[in-house]
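This report refers to the structure that appears directly beneath it.
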Amino acid sequence: MITEIKLNYEVIVPKVKFAHLNKNNTLDDYKNEVEKGDWDYQDCLVKKIVYTNQEDWAILTDSFLEDNILWEAMGGHELTKNDKAKFRNKFPDDFKKKLFHEMSEKAKDFFKANCKAETIELINNDTGETIYINPEGHNYARYVGVNC
């Protein structure tokens, strides 16, 4: 059984581990990368919560590279509402105007220090295990964050 809740308020989960090697197909693959120490912390801005039972969890976490309506082209990175107000008129000139790899070093530093990963929080109701999925605008789980 799967239950979705779209949030109309901001939930921030700090310091979630995202593997450097992304686009893995299974949760075990992501956990292995993190256990090797090949990861970075990212703060997550949860946009939707998906609750599953163990049976659905097993299916979802073994097929990240398959399109899934649950991920619905969400994701990316964003400033919180508070940060938007705090940094108003203080953004580097090329922030938000270019793709990350096209930004100046100043804009990249600002982005890394302040933007949160827009994620879907996936919770296994039977075990309590929780992961964070950032499809980065795609319909598959492009990036998966774990707390292991």
Yes/no for residue 80 being under 18 Å from the mean Cα position of the chain (by Cα) and closer than 24 Å to residue 34 by Cβ: no
Selection status of residue 79, touching a helix residue (DSSP H, G or I) at 6+ places or on another chain (Cβ under 9 Å), free of Cβ contacts under 8 Å to residues at least 40 places away in the same chain and either more than 19 Å from residue 135 (Cα to Cα) or loosely packed, with under 15 Cβ neighbours inside 10 Å (or both): no
Residue within segment 85-100 that is closer than 17 Å to residue 138 by Cα and out of contact with any helix residue (DSSP H, G or I) (no Cβ under 8 Å at 6 or more places or on another chain) present: yes
Test result for residue 90, modelled with pLDDT under 75 and within 21 Å of the chain's Cα centre (by Cα): no
Condition check for residue 47: of a type outside the set (Gly, Ala, Ser) and farther than 20 Å from residue 123 by Cβ: no
Every pair of residues 6+ apart whose Cβ atoms lie under 6 Å, when the first sits in segment 7-24 and is closer than 12 Å to residue 119 by Cα while the second is part of a strand (DSSP E or B) and aliphatic (A, V, I, L, M): 11/46; 12/45
Only listed residue being modelled with pLDDT of 90 or more, under 23 Å from residue 147 (Cα atoms) and exposed (fewer than 13 other Cβ atoms within 10 Å of the Cβ), chosen from 17, 36, 116: 36
Neighbours by Cβ (under 8 Å, 6+ apart or cross-chain): first from segment 98-109, within 17 Å of residue 78 (Cβ to Cβ); second basic (Lys, Arg) and at pLDDT 80 or above: 100/108
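The values are calculated or read from the model by the stated rules, or taken from the named source; none is laboratory data. None of the values given here were measured: they were computed from a predicted structure. As a convention, Cβ positions derive from the backbone with ideal geometry for all residues, glycine included, and neighbour counts pool all protein chains shown.
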